[in-house]
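Reading through the structure tokens given below for one structure.
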Protein chains: 2
Amino acid sequence: MTIASATPYCSHGAHCQTCSLSSLCLPVSLKTGELDHFDAIIKRRPPLATGDCLFRQGDHFSNVYAIRSGSLKQVNFDHAGNEQITHFFLPGELVGFDGIDDGYHTGYAHAMETTCICEIPFSHLETLAERIPQLRSQLFRSMSREMKEDHRLIRLLSCKTADERIAGFLINLAVRFQRCGHSSKTYRLPMTRTDISNHLGLALETVSRVLKRFRDNHLVAIRGRDVQILQPQLLYKLAENGSP
Amino acid sequence: MTIASATPYCSHGAHCQTCSLSSLCLPVSLKTGELDHFDAIIKRRPPLATGDCLFRQGDHFSNVYAIRSGSLKQVNFDHAGNEQITHFFLPGELVGFDGIDDGYHTGYAHAMETTCICEIPFSHLETLAERIPQLRSQLFRSMSREMKEDHRLIRLLSCKTADERIAGFLINLAVRFQRCGHSSKTYRLPMTRTDISNHLGLALETVSRVLKRFRDNHLVAIRGRDVQILQPQLLYKLAENGSP
DNA sequence: CGGTTTTTTGAGTACAATCAAGTAGGGTGG
DNA sequence: CCACCCTACTTGATTGTACTCAAAAAACCG
């Protein structure tokens, strides 16, 4: 059986008990009986098509979502209408925690490709977490992990050079793709160059040029959206440091 | 009685029941009896002096902390040793959630001035949260709020111009100072220009120059660390948009 | 295949970094 | 209390990176 993320279309009737991503997801430390309870509160939605919205800015917060396959981008608007892509979400990742605070979602979540989602009603999740300490801990851990991920991005964005930002971005995607069952070296970008440039605070043309430079220096092989990391350790060094 | 944040030195024997910041903090929605239980698990530590460490990178995570007065900066190091200030924390804010995930702190927290802290043992907090639904909800909300705050910073850092970043930074501080009982227009920066430049991914000199430009344009009055926002709506527009 | 979107590449420019002094402010000790 | 030091901050001149404008090439889609 192939991993879920390799098959963009996945069964509507999937269950946590058989999901290959459960080790990344909330049920990670649940015992069989508990897992059945958890699985029972999940709603599997029909797959989202490219461009579809999972939730919109201002929508009432009532669920968090786990990605079973595909990918999402989360877009926030400021009052002047400028949009900013704050997150890309990959299979096994959880979406929507930032809505808990005041009860509505602060941005849009768009599917970047055909994407299958597990919908987890937050009120049920909270009730279940009250009874199952492992689930509660995992919930805190998941939120904490998203915070740490955000801090990583904050560090990345305060890097001065475009090269550092893009190297960091490519490395980070590699790590996350590997975590959900891909090769650590080869993946396909789900987002456009425009999305990348917006996310990293760079001009579209700069992204294109930096990628070309990386290609010319044989750090990565990039054709369109297909990425192959040729020299991970050099790319990593570049992301952290600055020197080639 | 003056607000806690206006008196840098505060009593060691403070209690949630009388704390002026409790409306910002975890006990916000607790009833009297519950508040007593909550107050009982808090440890009040002797004040930190300027430069003191609340926790260090790699320290075992066992507490979250609430700031009663003063301020902290959180500094993260990458593997190359570059440091990055990911957060400044003000009175009424909670510190340390990012340590939950894998059980240790990912950065240093330094006091930027004399700072009083409430130490909240996380295991006790979790146990208490199991019994008190309001506390549990508030805990989730607090974490969610920190996420949202991080997303705001991410948006700020992906702004292209130095003016936008610094305008956004000044506005954000004004909002947070106001929340903890200060004027919305006037405050004193607890951090150095170097700290600001590091946090915003700019050069120290750029921070100085932009502040001078804001002063020349009568957007703000700045003398040393004392800030007075003269034209909040213009500054806000600048932060969101770009135009003067 | 034509039309649209996405990506690449080029030329010129602007903004912020760097290098380099110089000034103010805060603390210590004589 | 003043001289001193050290750090924090300001200001100036120059350089370089990344942005903008512009247009061509490639990929995508019906």
Go over the candidates B:LEU235, B:LEU170, B:LEU202, B:LEU153 one by one and state the one that is out of contact with any strand residue (DSSP E or B) (no Cβ under 9 Å at 6 or more places or on another chain) and closer than 23 Å to A:GLN84 by Cβ. B:LEU202
Of the residues in the stretch A:222-240, those that are under 22 Å from the mean Cα position of the chain (by Cα), of a type outside the set (Gly, Ala, Ser) and within 16 Å of DNA strand D (Cβ to nearest atom) come to A:ILE222, A:ARG225, A:ASP226, A:VAL227, A:GLN228, A:LEU235, A:GLU240
Looking at (1) within 13 Å of DNA strand C (Cβ to nearest atom); (2) open to solvent by 60 Å² or more (accessible area, probe 1.4 Å); (3) more than 10 Å from chain A (Cβ to nearest Cβ); (4) closer than 29 Å to A:THR86 by Cα, which is the only condition B:ASP226 fails? (4)
Looking at (1) closer than 21 Å to B:PRO190 by Cα; (2) surrounded by 15 or more Cβ atoms within 10 Å (Cβ to Cβ), find the lone condition where B:CYS53 falls short. (2)
Which ones in the stretch A:112-143 are in contact with a helix residue (DSSP H, G or I) (Cβ under 6 Å, 6 or more places away or on another chain) and closer than 20 Å to A:LEU90 by Cβ? A:GLN138, A:LEU139, A:MET143
Taking B:LEU219, is it modelled with pLDDT of 90 or more, within 15 Å of DNA strand D (Cβ to nearest atom) and surrounded by 19 or more Cβ atoms within 10 Å (Cβ to Cβ)? yes
Since B:LEU35 meets every condition but one in (1) in a helix (DSSP H, G or I); (2) in contact with a Leu (Cβ under 6 Å, 6 or more places away or on another chain), which condition does it not meet? (2)
Go through the stretch A:61-96 and report how many residues are among the acidic types (Asp, Glu) and not in a strand (DSSP E or B). 2
Of the conditions (1) of a type outside the set (D, E, K, R); (2) surrounded by fewer than 18 Cβ atoms within 10 Å (Cβ to Cβ); (3) within 20 Å of A:LEU90 (Cα to Cα); (4) in contact (Cβ under 8 Å) with a residue 24 or more places away in the chain, the single one that A:PRO232 does not satisfy is (3)
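The values are calculated or read from the model by the stated rules, or taken from the named source; none is laboratory data. What you see is a predicted model; the values in this text were computed from it and never measured. FYI the Cβ positions are ideal-geometry reconstructions off the backbone, even for glycines, and counts take in every protein chain you see. Quick note on the areas: whole protein, heavy atoms, side chains included, nothing else; ligands and nucleic acids left out. Shrake-Rupley method; radii C 1.70, N 1.55, O 1.52, S 1.80 Å.
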